[in-house]
Amino acid sequence: MAGADPFAEKVYKIKYQLNILTSVSEDSGQLMGAISESDELQIYETDLIMDMIDYKWDKFAGTQHRFGAGIHLCYQFVLIFYVNETFLVN
């Protein structure tokens, strides 16, 4: 077929090495819980774990933390205004 995309049917595979995840078992429950309870700090240097943490930050935690930081900044501005008007202005 002329003009067909040669990459349309090609499958790209990503290979991860999981041999460092020795302390993770099915008894630990979910993967994030098992990783957080592990004593092996080298586990956080693997591509798989870094990609998973980045994905979860982008999808879930990042938005919540930015929203909380915005609320905190608004609170700080209101507190500064209140202290200025109540105690500093004669």
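List of remarks:
- Cα-centred dipole magnitude for segment 43-88, charges only on beta-carbon of K, R (+1) and D, E (-1), debye, nearest 20: 260 debye
- Cα lying deepest toward the dipole's positive end in segment 43-88, options Phe67, Tyr55, Leu79, charges on Cβ: Leu79
No value in this document is a laboratory result; all are computed from the given coordinates. Only a predicted model underlies this, so the values are computations on that prediction, with no experimental measurement involved. In this analysis, Cβ positions are derived from the backbone assuming ideal geometry, glycine residues included, and neighbour counts consider all displayed protein chains.
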